[in-house]
Each structure stands twice: as structure tokens, then as C-alpha cells.
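Okay, structure first, notes after.
Please treat every number below as a calculation from the coordinates, not as lab data. These numbers come from a predicted model, not from an experiment. Heads up, the Cβs are rebuilt from the backbone with ideal geometry, glycines too, and the neighbour counts pull from every protein chain shown.
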Amino acid sequence: MTQDSSNTPIRYNGKVKWFTAEKGFGIITYTSEESGTTEYFAHHSNIKTNVPVRTYLIDNEEVVFTPSSDDNGKLKALDIRAPENKELVCVNKKSSATSTKRHPKNTTSFKPQQSASDMRIITGWMAHCAAVNNGLTSHDLTILDPFFPGLGFVEVNKAVAKEHALPDRATESVWFDFIKEEIDIVKKKHCGDSSEEFMKLWHGDSHLIADDGISKGEWKNDCHRINGVINTIASMFKMEVKSTRVNLYRDGNDWKPYHHDAAAIKDNMKKVQNITVAINFGGCREVSFQNAATESTVSFPMLDGYIYSFGREVNVLWKHGILKGHPQSPPRMSIILWGWSEQVEPQVFK
């Protein structure tokens with residue numbers, strides 16, 4: 001957002017289109033004859049008052065703000081204040097979060113949460129049991145240990161993939177090498193010696209993927225080890241697999257931008273995909289989720305052989321990506337599955 005050459009920031013008179021006080025964000029509109037109506041994201045941390053109150057806005061409230069934008073071009077409202085000689089509604093109503101002694105309270109609401117959490121993270125025994133018993137919800141993110149007794153990937157893979165199962169993990173790279181060896185054999189069969197044809201740059205040239213278009217996708221039929229991985233995960237999640245992908249991160253410089261999977265945007269995909277599952281082979285990398293509205297982030301490291309999954313609402317409310325790592329990080333390969341798994345409604349006790 002460009003501003004004039006003086007040190008005084010541009011100020012706009014705007015009106016609140018909507019604002020969710022519970023989550024602390026909303027939209028302010030600014031209307032001009034030249035550009036019409038423009039929407040600016042408003043976060044409660046940018047609302048300024050002269051007294052200590054829990055800051056929020058209400059629909060159609062008039063405000064004054066400084067226009068701004070981030071590196072991705074997202075428009076934001078900064079230094080949001082009441083118009084001259086007026087007060088914001090949150091000041092006039094003296095929110096219950098404001099202490100009479102003018103000290104902030106450590107509890108801002110005594111009302112139980114009325115809706116499901118934007119994301120519920122489950123691990124360990126609960127995650128494995130929920131996956132195999134169709135007990136996941138659309139708000140769930142799971143993290144699965146491959147060595148979990150009885151239900152972990154290693155044991156299930158031996159039963160499902162049989163002679164194509166992963167070997168014992170004698171070294172840190174053995175599983176990555178096992179999958180890469182098959183990729184190299186299939187690549188040579190379908191592309192000769194041209195690795196550039198088989199593994200192509202993807203998502204803004206940030207990393208590589210195996211090209212599904214090679215041999216009209218027939219190369220996948222020759223990937224018995226990879227298909228063993230896919231069938232194992234499908235069994236673990238009682239999942240009807242609709243599509244798959246193989247990603248390659250050559251070192252820590254390769255990464256993946258924040259994005260929604262297609263089912264969050266395309267209506268035809270919403271009908272057949274409600275879960276994404278990924279398994280990591282090779283170097284440890286940080287998987288990160290970014291809240292689509294507030295841009296707050298949460299991340300977790302994915303070790304060799306670990307699986308994570310997320311449901312439909314997580315895909316809608318959050319973007320996900322792979323953070324950059326140390327430049328000398330070992331290579332990482334991930335196998336992604338998209339598909340359908342029967343899920344239950346999240347329980348909310350009001």
C-alpha cells in the first residue's frame with residue numbers, strides 16, 4: 001500500500017461489514033468514487049482505545065483506520081479508532097473483560113465454548129483408534145507414530161504390503177532409499193535417463209513432484225512399494241483413496257507454500273474428498289498450518305515414517321505447507337493421499 005511522501009499516514013473513514021468478537025477479527029469496508037468499495041481485514045490487536053477494554057467492533061460501526069497490505073497483497077486495517085469526538089462501542093459498553101481496577105483479567109469469558117474447536121489435535125492411542133474405527137471428525141488433525149504397537153504403520157504395512165513392505169529401519173535413510181530406489185527404476189523404464197521429465201518442479205518451483213502425466217499415469221502400476229504404502233494408509237484410515245502424489249524435497253531449501261487442498265475450493269472435490277493423509281520418508285521437516293483468517297500459525301516436526309492427517313474443516317479454516325529447513329537437511333519424500341473416510345460430528349457440550 002503506497003502512501004504520500006509526508007510522515008503522516010493516510011487515514012480512511014470506514015464502516016464495519018462484520019466482526020466476530022469471540023475470535024477477534026472481521027472486515028472493514030472503505031468506499032471511494034475512484035475505486036468503489038474495498039475490504040480490509042481487521043484484527044482486534046489493531047483496535048486502539050484510550051481505556052483498557054476488550055477491543056471489538058460491531059456491524060456497521062463507523063471507524064477511522066490506516067490502510068496497509070502484507071507481502072502477499074492482503075489488505076489490512078491498522079490503528080483502528082473511533083471517529084473524532086466519538087467512542088467505539090466496546091468502550092461505551094465497558095466490556096466485562098475490563099477490570100474496575102484498570103488491570104487486565106486473566107479470564108475474559110465465563111461462557112462455555114459454543115462450537116467445535118477450529119482444530120483438534122490427537123495423537124497416540126486415541127489417534128490410531130479414531131482412524132481405524134471411523135471416529136475422526138472434520139476438525140481433527142492426527143499425528144501417528146509408525147512404531148505404535150499393533151496399530152502403527154510398520155506392523156500394518158507388513159500385513160498389507162507383504163513382500164513389498166518397508167524393510168527394518170536399520171539406518172535413518174533406509175526407508176527413503178527404499179522408496180527412491182523404486183522411483184529410480186520406474187523413472188528409467190518410462191523416461192530413460194531424463195530425471196527432469198519424471199520429477200518436475202511444482203508449486204512455484206519450491207519442490208519436486210512425480211509427474212502423473214508420464215505414460216498417462218501407468219507408471220504408478222509399477223510402484224509396488226509405493227502402492228503398498230498407499231494401501232496400508234487406506235487400511236489404517238478406512239479410506240477410499242481418490243488421488244495420490246509423491247513429493248520430493250531435495251534438501252532444506254525446498255519447501256511448500258501455504259495452501260488449501262482442492263476440496264476446500266472446488267465443489268466437485270468437496271463431494272469425494274474429506275480427508276488428506278501424508279506420510280514422511282527421510283529428513284525431518286516442519287509441517288505448518290496457517291489460520292486462513294488470522295494468519296496465526298502452528299507447526300510440528302515430522303520424523304521419518306510419521307503420518308499426519310486432517311479433515312475437511314481443517315482444510316477450510318487452515319492452510320498448510322512445509323517450512324524451509326537447514327540447507328544441508330537430508331532429502332525428504334512424502335506420499336500424499338486424498339480421499340473419503342466416514343467421520344463423526346464433533347461433540348460440543350454447552
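Backbone phi angles across region 296-309, fed through the Karplus curve with coefficients 6.51, -1.76 and 1.60 (θ = phi - 60°), yield HN-Hα couplings of 5, 10, 9, 9, 8, x, 10, 7, 4, x, 6, 10, 10, 9 Hz in residue order; Gly and Pro are listed as x.
Phi-derived couplings, Karplus 6.51 cos²θ - 1.76 cosθ + 1.60 at θ = phi - 60°, listed residue by residue for region 334-347: 10, 10, 10, 10, 10, x, 10, 9, 4, 10, 10, 6, x, 8 Hz, with x used for Gly and Pro. Amide H neighbours of residue 54 under 5 Å, counting only residues 5+ apart in sequence or on other chains, H built in-plane at 1.01 Å? It is 95, 97, 98, by chain and number.
Peptides 106-119, 208-221 ordered by packing proxy, namely the average of other Cβ atoms within 10 Å per residue, highest first: 208-221, 106-119. Residue-wise HN-Hα couplings along region 118-127, as the Karplus relation 6.51 cos²θ - 1.76 cosθ + 1.60 with θ = phi - 60° gives them from phi, are 4, 8, 10, 9, 10, 9, x, 4, 4, 5 Hz; Gly and Pro carry x.
Could you put 309, 329, 243, 296 in order, starting from the residue whose Cβ has the fewest other Cβ atoms within 10 Å?
Working: 309 26, 329 18, 243 13, 296 10.
The order, fewest Cβ neighbours first, is 296, 243, 329, 309.
Put simply, the amide H of residue 276, placed in the peptide plane, has neighbours under 5 Å in 310, leaving out anything fewer than 5 places away on its chain.
Bridgeable aspartates and glutamates around residue 23 (alpha carbons under 13 Å apart, same-chain partners fewer than 8 residues away excluded): 118, 295.
Fewest neighbouring Cβ atoms within 10 Å first, the residues 306, 12 line up as 12, 306.
Close amide H partners of residue 18, meaning residues 5 or more places away or on another chain with modelled amide H under 5 Å apart, are 27.
Show that you can apply the helix-only estimate: for the chain, add -39,500 (n - 2.57) for every DSSP H stretch of four or more residues, divide by all residues, and state [θ] at 222 nm to the nearest 500.
Numbers: 8 runs with 67 residues, N = 350.
Using -39500 (n - 2.57) per qualifying helix, the result is -5000 deg cm²/dmol.
Cβ crowding within 10 Å ranks 340, 125 as 125, 340, fewest other Cβ atoms first.
Over all Cα atoms in the chain, the spread is summed up by Rg and Dmax: 24.7, 78 Å. Measuring between alpha carbons in the structure, the pairs from 271/324; 17/48; 189/216 lying more than 21 angstrom apart are 271/324.
Over the chain, what is the relative contact order in percent, taking alpha-carbon pairs closer than 8 angstrom and at least six residues apart? Spell out each step's value before the answer.
Numbers: 696 pairs, mean separation 56.9, N = 350.
Answer for the chain is 16 percent.
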